[in-house]
Amino acid sequence: MDGAFTLAAVVSYWDVDREKKLTLRGVFKFMQEAAILHADQFDAGARSMDHRRASWVLNRVAASIIRYPAFEEKVRVVTWSSGIRAFKGFRDFRIYCGEELVVAASSLWLHVDLATKSLTRVPKDLADRFPVCAFGVHKPEIDKHGLAPPAPGGNGTRVSLRFSDIDGNGHVNNTAYLDYLQTALAKRGFPPRPREVEIQFIREVPPSVEDVNITLERRDSSAAFRMDGSPELFAHGSVAF
């Protein structure tokens, strides 16, 4: 597929759970790595942060996980840009094991000035040379989906932050949120491997925060969730089983 980027990888032992299945965080780590490597090819990824003084920050993801790959399975992560509008970048992902589609996802990224932490328009030179492809979008209009979180103050699960959760942007990496979510699902008796995940990142979690609280609210065959730090809302979304 012209304009798409493919990452070939193998499911490692440190990315699987007690049943040797890829963790929820592991799924999102593969997508994040592919996105960064693709953006780096156009001077728009992690390597460019220092001289551009701007970075892409993940705002929303909607993923369908058909199957969680197992330890030592070979995976192929295909990603492409589905459009850039002002300060928004849209990106899709497909993960395959052989020819089997195991994950499909759409995402929305925001272009942020690192000094002011404010949204900034994607420079024209960058937008012009970054390839936009029309291979299909898993979740069209992802920026217009409203996610209603549970009310604050519920009986949640507290998860401690670790040194390794903080990334090069100086806050908790987006993949760590999925680790917190899977931990809360397991502790609260929900299936720990959801088939649908939609998450919106509201506010960064700084290194000074010691733990986050995850509140889950069952809704038929799905559940809504919120992650907060009393009272700051860090992220919210939904999962389906």
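Observations on the structure shown:
- Long-range HN-HN contacts of Thr120 with modeled amide H, under 5 Å: His111, Val112, Asp113
- Here the Kirkwood formula, the inverse mean of 1/r across different C-alpha pairs, assigns the stretch 5-144 a hydrodynamic radius of 15.7 Å.
- Residues of type aspartates and glutamates that Lys139 reaches as a straight line, Cα spacing below 14 Å, ignoring anything fewer than 8 places off in the same chain: Asp92, Glu196, Glu198
- Residues of type aspartates and glutamates that Lys74 reaches as a straight line, Cα spacing below 18 Å, ignoring anything fewer than 8 places off in the same chain: Asp15, Asp17, Glu19, Glu33, Glu99, Glu100
- Per-residue Karplus couplings for the stretch 68-79, computed as 6.51 cos²θ - 1.76 cosθ + 1.60 with θ equal to phi - 60°, are listed in order as 8, x, 9, 3, 6, 6, 7, 10, 10, 9, 10, 9 Hz, Gly and Pro entered as x.
- Pairs of Cα atoms farther than 27 Å apart, the chain, %: 33 percent
- The alpha carbons of the stretch 157-240 occupy a box of 37, 23, 20 Å along the principal axes, longest dimension given first.
- Phe71, Phe163, Phe201, Phe30 arranged by Cβ crowding within 10 Å, fewest neighbours leading: Phe163, Phe71, Phe201, Phe30
- FRET efficiency estimate (nearest 0.05) - Cβ-Cβ, Ala134 to Glu19, R0 41 angstrom: 0.60
- Computed over the chain: relative contact order in percent, which uses C-alpha pairs under 8 Å that are six or more apart: 19 percent
- ³J(HN,Hα) computed for each position of the stretch 101-117 - Karplus, 6.51 cos²θ - 1.76 cosθ + 1.60, integer Hz, glycine/proline x: 6, 10, 9, 10, 8, 10, 9, 10, 10, 10, 8, 10, 6, 6, 6, 9, 6
- In the chain, helical runs assigned H by DSSP with n ≥ 4 each contribute -39500 (n - 2.57); averaged across all residues and rounded to the nearest 500, the mean residue ellipticity at 222 nm is -5000 deg cm²/dmol.
- Summed residue charge, Cβ within 15 Å of Thr116's Cβ, Lys/Arg positive, Asp/Glu negative: +2
- FRET E, pair Val209, Asp2, Förster distance 35 Å, beta-carbon r, rounded to 0.05: 0.25
- Taking label points 7 Å from Cα along the Cα-to-Cβ direction, Asp167 and Glu217 give a separation of 2.8 nm.
- Lysines whose Cα lies under 27 Å from that of Lys144, excluding same-chain neighbours fewer than 8 positions away: Lys29, Lys88, Lys117, Lys124
- Evaluated at q = 0.16, 0.33 Å⁻¹, the base-10 log of the normalised Debye intensity for the stretch 175-221, with identical point scatterers placed on the Cα atoms, takes the values -0.50, -1.55.
- In order through the stretch 10-25: 3J(HN,Hα) via Karplus (6.51 cos²θ - 1.76 cosθ + 1.60), integer Hz, x for Gly, Pro: 10, 5, 8, 5, 6, 10, 10, 9, 5, 9, 6, 9, 4, 6, 4, 4
Only the coordinates and a few stated rules stand behind these numbers; no lab work does. Computed from a prediction, not measured in an experiment: that's the story for all the values here. In this analysis, Cβ positions are derived from the backbone assuming ideal geometry, glycine residues included, and neighbour counts consider all displayed protein chains.
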